[in-house]
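Asker: Okay, here's the structure, questions in a sec.
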Amino acid sequence: MRKPLITAAAAAAFLLFSATTPAGAAGTASTYSPSSNPVLFVHGYNGSASNWNTMVSRFKNDGWPASHLDQWSYDSRQSNATTAQQLATEVDRLLAATGASKADVVTHSMGGLSSRHYAKNLGGDTKVEAWVSLGGPNHGTDTANSCFDTSCYEMRIGSDFLTALNSGDETPGPPRYATWWSPCDTVINPDSSVALSGATNTRTACLSHNGLLTDATVYAQARDLINS
């Protein structure tokens, strides 16, 4: 577990229903380099690969090749544990295709749960260098009470799945973990659900749940985090 870092924004969380800074304006590691890892994007509940179109376009504008930007899709109704097994296969495929030894994983909403299960229980912590959660229900959300798929039950506050996932070290192994949460996200309730012990936890501007996917400032901060 990495010791948590406090960002400037942090000093001053599932269902998909849920600026204006130029893409290359924040940070110093703003462009792709030979040492940059391929990125696997994991959407949330009822989402799809297309949810990442804006962010992937910005990565491409910053010099990242399409081969290193994997917009992955899966059945979001199934158990997050099942998705984690499929995610493990996709990570291995991405690493083989790019020749990289590790990948970075960028998630939205429920996508954070399967990827955390992968890191904690399926050896993913040895293959992931940086993990990003945008508005993830890492400790559950009450909006999951209104849907009834297996994954919804797992996202409910106090579920067996979340209890096991959050037991012990919330950010296991060597990966760098980071979360972004918005005080105006009405899908993740409570807001405090997103932050993880041992992660860099950043409060954003007043963004909607889906706004986290397209906000330029969040993009630049996440890009620099995974590329540092």
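The values are calculated or read from the model by the stated rules, or taken from the named source; none is laboratory data. Owing to the predicted nature of the structure, the values given are computational and were not obtained by experimental measurement. Backbone-built Cβ (ideal geometry, glycine too); neighbour counts: all protein chains shown. Just so you know, the surface numbers come from the protein's heavy atoms only, side chains and all, with ligands and any DNA or RNA stripped out. Shrake-Rupley method; radii C 1.70, N 1.55, O 1.52, S 1.80 Å.
Asker: Looking at the range 138-171 only, could you name the residues that are farther than 19 Å from SER197 by Cβ and among the charged types (D, E, K, R)?
Answerer: ASP142, ASP149, GLU154, ARG156, ASP160
Asker: So for the range 65-79 (the condition being under 13 Å from the mean Cα position of the chain (by Cα) and within 26 Å of ASN210 (Cβ to Cβ)), does at least one residue qualify?
Answerer: Yes, the range 65-79 contains a residue that is under 13 Å from the mean Cα position of the chain (by Cα) and within 26 Å of ASN210 (Cβ to Cβ).
Asker: Taking the range 218-228 only, how many residues are in contact with a Gly (Cβ under 7 Å, 6 or more places away or on another chain) and open to solvent by 20 Å² or more (accessible area, probe 1.4 Å)?
Answerer: 1
Asker: I've got another one for you. I'd like to know if the range 155-177 contains one or more residues that are of a type outside the set (A, V, I, L, M, F, W, C), out of contact with any strand residue (DSSP E or B) (no Cβ under 6 Å at 6 or more places or on another chain) and outside any loop (DSSP other than H, G, I, E, B).
Answerer: Looking through the range 155-177, at least one residue is of a type outside the set (A, V, I, L, M, F, W, C), out of contact with any strand residue (DSSP E or B) (no Cβ under 6 Å at 6 or more places or on another chain) and outside any loop (DSSP other than H, G, I, E, B).
Asker: Only residues in the range 86-99 that are over 16 Å from ALA66 (Cα atoms) count as the first member; pair them with residues that are surrounded by fewer than 18 Cβ atoms within 10 Å (Cβ to Cβ), Cβ under 7 angstrom, at least 6 apart or cross-chain, and list the lot.
Answerer: Qualifying pairs under 7 Å: ALA88/LEU122.
Asker: Out of the range 42-72, which residues are open to solvent by 30 Å² or more (accessible area, probe 1.4 Å) and closer than 19 Å to CYS147 by Cβ?
Answerer: Of everything in the range 42-72, those that are open to solvent by 30 Å² or more (accessible area, probe 1.4 Å) and closer than 19 Å to CYS147 by Cβ turn out to be ASN46, SER48, ASN51.
Asker: From the residues in the range 158-217 that are among the aliphatic types (A, V, I, L, M) and open to solvent by 20 Å² or more (accessible area, probe 1.4 Å), which one is nearest to VAL56 (Cα to Cα)?
Answerer: Among residues in the range 158-217 that are among the aliphatic types (A, V, I, L, M) and open to solvent by 20 Å² or more (accessible area, probe 1.4 Å), the one nearest to VAL56 (Cα to Cα) is LEU207.
Asker: What single numbered condition from (1) at pLDDT 95 or above; (2) open to solvent by 20 Å² or more (accessible area, probe 1.4 Å); (3) under 19 Å from the mean Cα position of the chain (by Cα) fails to hold for SER18?
Answerer: The single condition SER18 does not satisfy is (1).
Asker: Report, by residue number, each residue of the range 73-94 that is within 14 Å of VAL39 (Cβ to Cβ) and open to solvent by less than 20 Å² (accessible area, probe 1.4 Å).
Answerer: Result: LEU87, VAL91, LEU94.
Asker: When the range 56-95 is examined, which residues are found to be closer than 25 Å to PRO137 by Cα and of a type in the set (A, V, I, L, M)?
Answerer: Within the range 56-95, VAL56, LEU69, ALA81, ALA84, LEU87, ALA88, VAL91 qualify.
Asker: If a residue has to be assigned to a loop (DSSP other than H, G, I, E, B) and either of a type in the set (S, T, N, Q) or touching a Leu at 6+ places or on another chain (Cβ under 6 Å) (or both) to count, how many in the range 54-79 make the cut?
Answerer: Qualifying residue count for the region: 4.
Asker: Something else about it: Can you tell me which residues in the range 178-211 are touching a helix residue (DSSP H, G or I) at 6+ places or on another chain (Cβ under 6 Å) and either in a helix (DSSP H, G or I) or charged (D, E, K, R) (or both)?
Answerer: ARG203 - this is the single residue of the range 178-211 that is touching a helix residue (DSSP H, G or I) at 6+ places or on another chain (Cβ under 6 Å) and either in a helix (DSSP H, G or I) or charged (D, E, K, R) (or both).
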